[in-house]
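The values are calculated or read from the model by the stated rules, or taken from the named source; none is laboratory data. Nothing here was measured: the structure is a model prediction, and the numbers come from that model. Using ideal geometry, Cβ is built from the backbone for each residue, glycine included, and neighbour counts are taken over all protein chains shown.
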Amino acid sequence: MTRRRPTSEMVARRAGVSRSTVSVVLNRRTSIAIAPETRQRVLDAARELGYVPSAAARHLASGRARTIGFVITHAEHLTVDAFVPRALYGLNETAHRRGFRVLVEALEDVTRPGAYRELVRGKQIDGLIVLNPRQDDERLPELIADGFPIVVIGDATAGPSVDMDDFDAAREATRHLLGLGRSRIAHLPYAPLAYHSSRMRLEGWRSAMQAAGRDAGDRWAEAADFTAESGAEAMRRVLERVRPDAVFAGNDTVAFGAMATLRDAGLRIPEDVAVVGFDDIPLAAYASPPLTTVRLPAVELVRAAAEHLIERIERTTTADRQDERPLVRESLAIELVVRASCGAATCGPASGRLDEPAVGGGTRTLTKP
């Protein structure tokens, strides 16, 4: 015999309340006051019966689709950027815990009028998390100005953001190489400089080099395009111009490609050329040699963005969403993970000071939240 699916009416009877009270509690409608003991009775009854509101019921009750859009401004992120799977894990985990679904969208032409508005209206989305918007994206600030709930991972001069300090992290990673005696340090931005984080990492590298009196001209930098293949090609173009004794790559995927080109050129890592990456993707520890890299807390970053976004969504009125609370500007700590590729991973823990290179394997904090 098929067991009857629990209904909100059954929850109401068990909790001794009305169906409307069940709806208010289970759909988290904070605009209607419910006594804490009543709310707990409803939650206990729903749990005992195994009742879960359907998506359609939640939409009708709350006026929301309970869906978060995760917007990627470069479709190739989905196939080559190791950050994205970890980001989606953190987002799914947080969204599901809070009763939201996730819709992933890639917007290639963010300059097209109406690109974001069509997404918001057509997909019934309550809020957006936008990953690494481009510098030339003029449409996103317009949507933020309208009061639509948005949290940006990356540059967000016009709205709420959760990010890491790419400039400081890149500067300190470069200083680490300088402290190891490397002086001809090339940089491979992981993406075109229209992307904020790519540009900030370039500027952090340049700042450290100039402060040390080292050449940081254009011949020492060559932008890749997300993939290991593009990293290999960017490294090849640099080697045609100069002979570096170290390379700071804008992400680990690009670093892997650069390492392949260096080996093909007969150069040893780290004896001839030290290499540092950025992200600390799982494969970094298993590269040959293991890759020194800046650890980017991808899961924690997106969890924080999702929590901030859901808080904004659950303010029930437009006035609430545009209240006097300060905009979110959260920056997470980043660590340098020292391994063999930079020539410093010999033994012992890494140094904790920011003004000295780490001289052994381990991690050190580069930026503080």
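The table below gives the values:
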quantity: Qualifying residue in region 314-328 (condition: modelled with pLDDT of 50 or more and either under 15 Å from Leu177 (Cα atoms) or surrounded by fewer than 16 Cβ atoms within 10 Å (Cβ to Cβ) (or both)); calculated: yes
quantity: Considering residues of region 91-128 that are outside any loop (DSSP other than H, G, I, E, B), among the basic types (Lys, Arg) and at pLDDT below 90 only, the residue surrounded by the fewest Cβ atoms within 10 Å (Cβ to Cβ); calculated: Arg121
quantity: Residues of region 285-304 satisfying the condition of being closer than 12 Å to Ala340 by Cβ and among the hydrophobic types (A, V, I, L, M, F, W, C); calculated: Ala285, Ala287, Leu291
quantity: Among the candidates Pro270, Pro297, residue that is in contact with a Gly (Cβ under 6 Å, 6 or more places away or on another chain) and either under 20 Å from Leu180 (Cα atoms) or in contact (Cβ under 8 Å) with a residue 40 or more places away in the chain (or both); calculated: Pro270
quantity: Residue within region 33-43 that is surrounded by 11 or more Cβ atoms within 10 Å (Cβ to Cβ), modelled with pLDDT under 85 and among the basic types (Lys, Arg) present; calculated: no
quantity: Hits in region 182-204 - residues which are assigned to a loop (DSSP other than H, G, I, E, B), small (Gly, Ala, Ser) and at pLDDT below 95; calculated: Ala191, Ala194
quantity: Test: Asp225 is acidic (Asp, Glu), closer than 19 Å to Ser198 by Cβ and outside any helix (DSSP H, G or I); calculated: yes
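So that you can scan it fast, the table gives a plain yes or no per residue for (1) crowded, with 24+ Cβ neighbours inside 10 Å; (2) outside any loop (DSSP other than H, G, I, E, B):
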{"site": "Asp215", "(1), (2)": "no, no"}
{"site": "Arg219", "(1), (2)": "no, yes"}
{"site": "Met235", "(1), (2)": "yes, yes"}
{"site": "Phe248", "(1), (2)": "yes, yes"}
{"site": "Thr253", "(1), (2)": "yes, yes"}
{"site": "Leu262", "(1), (2)": "no, yes"}
{"site": "Asp272", "(1), (2)": "no, no"}
{"site": "Phe278", "(1), (2)": "yes, yes"}
{"site": "Ser288", "(1), (2)": "no, no"}
